[in-house]
Amino acid sequence: YAGLQELGGANGEDLKETLTNCTEPLKAIEQFQTENGVLLPSLQSALPFLDLHGTPRLEFHQSVFDELREKLLERVSAIALEGKVEERYKKLEDLLEKSFSLVKMPSIQPVVMCVMKHLPKVPEKKLKLVMADKDLYKACAVEVKRQIWQDNQALFGDEVSPLLKQYILEKENILFSNDISVLHNFFSPSPKTRRQGEVVQKLTQMIGKNVKLYDMVLQFLRTLFLRTRNVHYCTLRAELLMSLHDLEISEICTVDPCHKFTWCLDACIREKFVDNKRARELQGFLDGVKKGQEQVLGDLSMILCDPFAINTLALSTIRHLQDLVGQDTLPRESPDLLLLLRMLSLGQGAWDMIDSQVFKEPKMEVELITKFLPMLMSFVVDDHTFNVDQKLPSEEKGPIPYPSTIPEAFTKFLQENRIACEIGLYYILHITKQRNKNAFLRLLPALVETFSDLAFSDIFLHLLTGNLTLLGDEFALEEFCTSLFDGFFLTACSRKENVHRHVLRLLLHLHHKVAPTKLESLQKALEPTKQSGEAVKELYNQLTEKLELRKPSPAEVTETPSMELPLPTVPTPASR
């Protein structure tokens, strides 16, 4: 209450001094009340009336104080909107100057904070006082904090860091969710739904219209992406921009050179397909990067590295390849397909570009277009041929088995070319979703060794396990399980904990479909080691519990005694 003295008001110390130095305490108290009470003549005669009703003076003064404070808060908010800009801010600055000394007084603090909130530029001296006091800093509005943060990157980083960790954790929790479904997976929520998430909304509020803070967040995201290679930071970069777009924050959207490109790509992600019109728009943005502005390619590549963008581009590529098969057209003759590959290449090269600071589009390998994609198209043709052959009458049908071998070049492409690997993996997801067991088993061996172990990445395994639920009945077959588990999953389980988790997720969902003998051997193979993390141990325990529940009880296993009585032996009558 020290600030009251500065404003000419009495405080507790004054009362203490008055009572210490007086000869008649009651008269001194009465005088103190008269001098410091509500100076309204008509009130003096009414106060005894309250005394008759047993209403304490404290309660009366508190209610008057609360009412006045509410009126003052309303008036401050009104001043912030009325009159000329210079005049209104001058009034607020004067009010702040008079009231700031009471900022630590809990009952007055909301008024001081309200004045600061409505000032676009709080005096630096007062900002420093707020920043130095933890309680004041915590109590001030986000509008005031923005003014503190824009000149204190470290403090802003401390505020943002827990949100970024929370965001990554949320993404990982979705990828490792025990709910395995082909219909509801990581990519199911629409972009607009994702942007309503807690972290994106909090960051959007913290940034407001402040370009400097927006740039700081982008720098944090770039730094973390470089440090961790975690592509979810790329998703957040796009989501944050589109969240500001939704709120029509033109102050930021107009200065971010990626805005229109991201907006167009966002519409494609919503449809999970890049149509011809939007393809032209996206190409226009890429072609429009002028000399001297190449640095924007770093941001565009990060937007394209977002898994939701990669998913849309890869799905569109597979769809285009199928269309080309029907049109008897080669990949190199399709401008739309070449654009999709260009954007995939830019997205997949994001980390290298930002790390090296060499801002130019990566060169497309010619063999990707002239050899790899035609090879994928030949797989589509193999499927069509086999399906037609199966439908022919038995007398016309030749003994044509499904092709079991894969070209060596296909495996090599998946090992050495990132774009080929990404498209190859999405083709495998496509055939799995179509329940094409033959094609899946044919291409599965190529996944054991892929570029940067992409076949063992969380996003691919999340999608693959979801799609495999469509082939649930095949898990009863020894050959299928051996190819899938022994030939693929178990090759990486011991060295990659995430693979171990995904296999356990799959078995938790489909264990009842797997042949008992195979299930038993898998249970032994998947037993956690001492080095295994808690998540693996927890999943394994859940699986063990489920399998225990399925085992028949000992009472069922023991043979029930026969109820039939043994027939007495009857001697054979002697032949006469």
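Among residues other than PRO25 with Cβ under 14 Å from its Cβ, the summed charge is -1 (Lys and Arg +1, Asp and Glu -1). Taking Cα atoms only, the orientation of helix 534-550 departs from the longest principal axis of the chain by about 50 degrees.
Got a number for carbon plus sulfur as a percent of the chain's accessible area, 1.4 Å probe? Display every interim value, and only then the final one.
Numbers: 17560 of 32160 Å².
For the chain, the apolar C and S fraction of the accessible surface comes to 55 percent.
Against the empirical 2.2 N^0.38 Å (N residues), the stretch 154-256 has a Cα radius of gyration ratio of 1.11. Excluding same-chain neighbours fewer than eight residues apart, the lysines reachable from LYS290 by a Cα-Cα span under 16 Å are LYS260, LYS360. Just round it to a whole percent: the fraction of Cα-Cα distances in the stretch 264-420 exceeding 25 Å. Result for the distance tail: 39 percent.
Tell me, how many Å apart are the Cα centres for the stretch 72-150 and for the stretch 260-303? Cα centres, the stretch 72-150 to the stretch 260-303: 42 Å. If Lys and Arg each add +1 and Asp and Glu each add -1, what is the summed charge of the other residues whose beta carbon sits under 10 Å from the beta carbon of HIS511? Result for the neighbourhood of HIS511: +3.
In whole percent, what relative contact order does the stretch 154-256 give with Cα contacts below 8 Å and a gap of six or more residues?
Values: 54 pairs, mean separation 31.7, N = 103.
Relative contact order comes out at 31 percent.
Could you work out [θ]222 nm for the chain from helices alone, using -39500 (n - 2.57) per DSSP H run of at least four and dividing by all its residues? Round to the nearest 500 deg cm²/dmol. Present the calculation step by step, with values, prior to reporting the outcome.
Values: 33 runs with 374 residues, N = 576.
So the calculated ellipticity at 222 nm is -20000 deg cm²/dmol.
Placing a label point 7 Å from the Cα of GLU97 along the Cα-to-Cβ direction, the residues of the stretch 55-77 with a backbone N closer than 20 Å are 76-77.
When the Cα gyration tensor is reduced to axis lengths a ≥ b ≥ c, the ratio a/c is 1.5 or higher for the stretch 187-232, and with a/b not above b/c it is classed as oblate. Each Cα pair under 8 Å and six or more residues apart adds its separation to the average, and for the chain the resulting relative contact order is 9 percent. Compared with the dominant principal axis of the Cα atoms in the chain, helix 12-21 is inclined by about 30°. Per residue, the accessible area of the stretch 154-256 comes to 46 Å², computed with a 1.4 Å probe over protein heavy atoms only. Our summary gives the stretch 305-356 a relative contact order of 51 percent, counting only alpha carbon pairs under 8 angstrom and 6 or more residues apart.
Derived scalar couplings between HN and Hα for the stretch 343-355 equal 6, 4, 5, 5, x, 5, x, 4, 4, 4, 5, 6, 5 Hz in order, rounded to whole Hz, by the Karplus curve 6.51 cos²θ - 1.76 cosθ + 1.60 (θ = phi - 60°), x for Gly and Pro.
Share of Cα-Cα pairs in the chain beyond 36 Å, in percent? When every Cα pair of the chain is considered, 56 percent fall beyond 36 Å. What is the angle, in °, between the Cα long axis of helix 516-525 and the longest principal axis of the Cα atoms in the chain? Nearest 10 is fine, range 0 to 90. Taking Cα atoms only, the helix is inclined about 50 degrees.
Volume per residue for the stretch 41-145 equals 125 cubic angstrom (convex hull of Cα atoms). Were the residues from GLU534 through GLN293 laid out at 0.36 nm apart, the gain over their Cα-Cα distance would be 82.0 nm. When all alpha carbon pairs of the stretch 22-65 are counted in 5 Å bins from zero, the resulting P(r) reads 5, 19, 25, 30, 13, 7, 1 %. As a rough guide to protection, the peptides 531-537, 441-447 ranked by mean Cβ packing within 10 Å, highest first, stand as 441-447, 531-537. Protection proxy ranking of 105-113, 353-361, by the mean of other Cβ atoms within 10 Å over each peptide's residues and highest first, is 105-113, 353-361.
Are there trypsin sites (Lys or Arg not before Pro) in the stretch 291-352 that DSSP puts in a loop and that have at most 12 other Cβ atoms within 10 Å, and which ones? Don't skip to the answer; put the middle values down first.
Numbers: sites: LYS291, ARG319, ARG332, ARG342; in loops: LYS291.
For trypsin sites (Lys or Arg not before Pro) across the stretch 291-352 that sit outside H, G, I, E and B with at most 12 neighbouring Cβ atoms in 10 Å, the list reads LYS291.
When cysteine pairs in the chain are screened for C-beta atoms closer than 4.7 angstrom, the residues that find no partner are CYS22, CYS114, CYS140, CYS253, CYS258, CYS264, CYS268, CYS421, CYS481, CYS493. For LYS91, the aspartates and glutamates whose Cα falls under 19 Å of its own Cα, not counting residues fewer than eight places away in the same chain, are GLU70, GLU74, GLU82, GLU124, GLU143.
Please report how many Lys pairs in the stretch 154-256 have alpha carbons closer than 17 angstrom, counting only residues at least 8 apart along the chain or sitting on separate chains.
Details: LYS165/LYS202; LYS171/LYS192; LYS171/LYS202; LYS192/LYS202; LYS202/LYS212.
So the count of such lysine pairs works out to 5.
The values are calculated or read from the model by the stated rules, or taken from the named source; none is laboratory data. Predicted model, so just to flag it, every value in this text is computed and none were measured. Cβ atoms come from the backbone with ideal geometry, glycine included; neighbour counts cover every protein chain shown. Ligands, DNA and RNA are excluded from the accessible area calculation, which covers all protein heavy atoms including side chains. Shrake-Rupley method; radii C 1.70, N 1.55, O 1.52, S 1.80 Å.
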